[in-house]
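Take a look at the structure set out below.
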Amino acid sequence: MSNKPPVRLKRVLGFAPAYGAAVGLVVSGTAMFSVGNVAGTTGYATCISALIALVPMMMTAFAFGELSAMLPGGGMISDYTLPALGRFWATFALLSGYLILIAADGGTQLVMGGLSLESLCGVPQWVVTALLFGIVIVINIVNVDFYGKIEAIVTIAMMLVFTALSIAGNLHIGESFGATPVNQLTGFLPEGGWGTVLNATGTAIWFFIGFEFACPMAEENKKPYKNIPYALIIGLITIYLIDSLFAVAAVRYTDVEVLRTSAIPQTMAAHAMMGNIGYIAMTVLTILASFTTANAYLASLPRMLYGLARERLVPSFFGKINRRFRTPVYGVIFTAGMILITIVYITFNGADASVVQGLINTASITWMVSYAIAMIDVLVLRKKYPDFPRLWKAPCAKVTMSIGLLGVVYAIYTLRDYWFQASLCMAAIALYCLIWGKFKKIDLWHATKIRDTVSDIRERSEYLPVWDEAVDQWCKEHETLA
């Protein structure tokens, strides 16, 4: 029997890395693709489609804020769902929402970065993609602290560049460089009116993709109960404002057909509004976006799988931490493999707009199902454990969670052309859960006690001031209910 102390994840991250993770995916290649694509469909009314999409996303941010403050574990959605709905839904929510998301979107991001540089200077897409892919793998295997610093710095730089391009486009600065407005006389509503605007809501959801990816790093955050909720909320507002500004400028200067059909509409728009300066800036931004997105995926999914492995809901090797680097190496390797499959698929299918759109809309549906489960978790846990320490609480939970659930249902409805593909993916995940549960003789429908989730979080992470004391006090007062 080994006498070695358990290897725990280090608490080294603050607000900046949490904010970086929250906006690191929404300022991504496919998110910017969606902004350009929706702008080509809804024109100047893109801000309305995005605002409607923001409502359920903000309610979801409230849910994840409360849940991460309540149970600051790396397993994220699985940690929250285990004591609320049981093992089946915990496993289904994580794998359906995030495994499929990363499988569909991970490689897309890196391919778009490669395509952007190839269009600028002719370097083959696969060379750039392979180089970025290799760098993020090394970063995430070697040291998460380095990841946090890199993510925060690069994300802030990206936000500044994207904001600068958006403002410059709205101030007509590019016209001094030869930019010519092409849609300045176009009305606010697009062809099809409000129906077109409302039907774009599901695609506009992708503007905010992955804002909750700050949550799986709760075990490495110094104050997750404070840093993560505010990082989620501020991140969503930031992205809405900047994306809306960019969409207006993109529509003013870019042929809407180009926005609808290009695989890199954000680059085409930047070129149209700011000439070569905008073209180069957006190319660099897209490459950096590919880098930060892959970084976020390779940092987050392994930690989610790590949490599931502790519950025996996925193979045990996902629960092993490298003693030298203190990172979940097997999870990183698995995630990299999923991303590699997507890279190969997209590359061999021409990497055009329809391929990208199909992948992200399918993933968006399964991803929103996991959001719905998170909001249900909040309501269930409030009823089962009303006085459990919540160092941050969702305001008016019954109302906000209900609004969020209705919003998610509507957004999924607008993506009805992709229901079949999404249903197949979720059916495969559900089948895995049932087979694995039977093979391991696990009662999938039993909700674990919240005390067990707390103990597991404590075992795999370092001491967390305030939260540990509050939970200790609660456990003493609720010996039979915990």
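With θ set to phi - 60° and the Karplus curve 6.51 cos²θ - 1.76 cosθ + 1.60, what are the ³J(HN,Hα) couplings of the stretch 441-449 in order, to the nearest whole Hz, using x for Gly and Pro?
Result, rounded to whole Hz: 6, 9, 7, 6, 9, 8, 7, 6, 6.
Based on the mean of other Cβ atoms within 10 Å per residue, sort peptides 461-472, 52-63, 207-218, 154-165 so the most packed one is first.
207-218, 52-63, 154-165, 461-472
Quick one: dipole size for the chain, taken about the Cα centre, charges +1 on Lys/Arg Cβ and -1 on Asp/Glu Cβ, in debye to the nearest 20.
1480
Ordering Leu434, Leu406, Leu359 by accessible area with a probe of 1.4 Å, largest first, what comes out?
Leu406, Leu434, Leu359
Compute the distance in nm between two label points, each set 7 Å from the Cα along the Cα-to-Cβ direction, one at Lys438 and one at Arg323.
According to this spin-label approximation, the distance is 4.0 nm.
If DNA, RNA and ligands are ignored and the probe is 1.4 Å, what is the ranking of Asp377, Asp443 by accessible area, most exposed first?
The ranking, largest first, comes out as Asp443, Asp377.
What whole-number volume per residue, in cubic angstrom, does the convex hull of the C-alpha atoms of the stretch 233-354 give?
Taking the convex hull of the Cα positions in the stretch 233-354, it is 156 Å³ per residue.
If each of Asp255 and Glu477 carries a label point 7 Å out from its Cα toward its Cβ, how far apart are those two points in nm?
6.7
For Val399 and Cys121, compute 0.36 nm times the residue count separating them, minus their Cα-Cα distance, and round to one decimal in nm.
Details: separation 278, 0.36 × 278 = 100.08 nm, distance 5.21 nm.
Residue separation times 0.36 nm, minus the Cα-Cα distance, leaves 94.9 nm.
Tell me, in nm to one decimal, what length is gained between Phe177 and Ile135 on full extension, where the rule is 0.36 nm per residue of separation less the Cα-Cα distance? Intermediate values should be presented prior to the final figure.
Numbers: separation 42, 0.36 × 42 = 15.12 nm, distance 3.57 nm.
The Phe177-Ile135 span can extend by a further 11.5 nm.
Per DSSP helix of 4 or more residues, -39500 (n - 2.57); summed, then divided by the residues of the chain. What does that give at 222 nm, rounded to the nearest 500?
It comes out at -24000 deg cm²/dmol, rounded to the nearest 500.
Among His271, Leu259, Leu298, which residue has its Cα positioned farthest towards the positive end of the charge dipole of the stretch 218-355, with +1 placed on the Cβ of Lys and Arg, -1 on the Cβ of Asp and Glu, and the dipole taken about the Cα centre?
Leu298
Could you sort Trp126, Trp89, Trp194 by their accessible area in this structure, using a 1.4 Å probe and putting the largest first? If you can, show how the numbers build up before the last one.
On the way: Trp126 170, Trp89 100, Trp194 130 Å².
Putting Trp126, Trp89, Trp194 in descending order of accessible area: Trp126, Trp194, Trp89.
Which entry is the computed Cα extents along the principal axes in Å for this structure: (i) 61, 57, 45; (ii) 63, 58, 40; (iii) 71, 46, 40?
Entry (iii).
Compute the separation of the alpha-carbon centres of the stretch 253-290 and the stretch 342-406 and state it in Å as a whole number.
When both Cα centres are located, 29 Å separates them.
Rounding to the nearest 10 and keeping the result within 0 to 90°, find how far the Cα-based axis of helix 100-121 lies from the longest principal axis of the chain.
30
To the nearest 10 square angstrom, how much accessible area does Val329 have with a 1.4 angstrom probe?
Solvent-accessible area, nearest 10 Å²: 30 Å².
Could you point to the residue in Tyr19, Gly114, Ile412 farthest towards the positive end of the chain's charge dipole, with +1 and -1 charges on the Cβ of Lys/Arg and Asp/Glu respectively?
Selected residue: Tyr19.
The values are calculated or read from the model by the stated rules, or taken from the named source; none is laboratory data. These numbers were taken from a predicted model, which means no experiment stands behind them. Glycine gets a Cβ as well: all are built from the backbone with ideal geometry, and neighbour counts include every protein chain shown. Ligands, DNA and RNA are excluded from the accessible area calculation, which covers all protein heavy atoms including side chains. Shrake-Rupley method; radii C 1.70, N 1.55, O 1.52, S 1.80 Å.
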